[in-house]
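Some notes on the structure that comes next.
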Ligand SMILES: Cc1cc2nc3c(=O)[nH]c(=O)nc-3n(C[C@H](O)[C@H](O)[C@H](O)COP(=O)(O)OP(=O)(O)OC[C@H]3O[C@@H](n4cnc5c(N)ncnc54)[C@H](O)[C@@H]3O)c2cc1C
């Protein structure tokens, strides 16, 4: 079948790759590519953050884990990294526990001051700049073209089936008012030899994610806030919290400040609709977990395209 994918973020490109591998003739149209996408801003730690519902997300996250883990040896910008989530209260296992092979409690004596619990696990970390470029190159080698074009309506697209991976853009394209931006701001600093990640989801959200050449410090999560400008006050607070957790970051040179709008939705939408000019398979609303879920959702998209 001829399949047109809208969107060149991690979700659109992962779907395009799996559809091409399944034998379809695929083309991609996208208003933004590479560093202009939200996907490029992602930290990007494998972690099911702000994505629902729990059961489906756990399944997609497990599939995503396996897919990303399978890419570590190659040039796709993926590494397995061990790290720790710190918790302010003693907590049961996370709802997504079944998506990871192992999850070990941090002994109380090893917790930093102010924390009551924590777990250590090894997960994929994706250098999104490298990975998005790798996906586009891999698609090009398979004959899949990515065209830079803003789409006004899904009906104007050609092909036997359209796959809608427009992220926040699905609000307009699919007329879906339940899609909401959750603004995130990060500080990118130079690598100082860090390999372990750290996450503290208590308010305010704090994380330190080592990529290959850089380290991403976060974060923030402001619902309904669509301001794409960097806020210096937020940047300084993010950096200070990261340094408090990892003192080795104190002298790290700041390389960039970035803002992204997470495409949040009460439930990730992976659904086929046969009502219009041609079938549309929607795949959007991945919130703070698009990198975690993209390859898992792409498997369902291939099934739904048929
Ligand atoms: C600060 C921050 C940190 C994050 N950290 C993580 C993390 O550690 N782990 C993780 O898994 N996730 C993380 N995320 C979430 C992740 O970035 C998103 O869930 C993911 O990028 C969504 O991917 P997407 O492909 O759906 O959207 P996008 O990357 O936004 O791509 C959407 C695509 O659709 C195109 N499009 C939209 N409308 C139209 C239109 N009308 N016509 C043509 N093209 C259109 C866009 O141009 C773009 O190409 C983070 C996000 C932020 C902001």
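The values are calculated or read from the model by the stated rules, or taken from the named source; none is laboratory data. Keep in mind that this is a model prediction, so the values were computed, not measured. Ideal geometry is used to build each Cβ from the backbone, glycine not excepted, and the neighbour counts take in all protein chains shown.
Numbers below:
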| item | result |
| --- | --- |
| All positions within the range 258-277 that are within 28 Å of residue 51 (Cβ to Cβ) and away from the ligand (no atom under 11 Å from the Cβ) | 266, 267, 270, 271, 272, 273, 274, 275, 276 |
| Filter result for residue 57 (crowded, with 22+ Cβ neighbours inside 10 Å and more than 19 Å from residue 128 (Cβ to Cβ)) | yes |
| Residue match in the range 204-223 (condition: assigned to a loop (DSSP other than H, G, I, E, B) and on the phi > 0 side of the Ramachandran plot) | no |
| Failed item in (1) more than 13 Å from the ligand (Cβ to nearest atom); (2) in a loop (DSSP other than H, G, I, E, B), with residue 152 passing the rest | (1) |
| Pair list, Cβ < 9 Å and 6+ apart or interchain, from the range 255-273 residues that are under 30 Å from residue 160 (Cβ atoms) and in a strand (DSSP E or B) to residues that are modelled with pLDDT under 95 and away from the ligand (no atom under 11 Å from the Cβ) | 272/306 |
| Test: residue in the range 129-146 that is part of a strand (DSSP E or B) and touching a residue at least 40 places away in the same chain (Cβ under 8 Å) | yes |
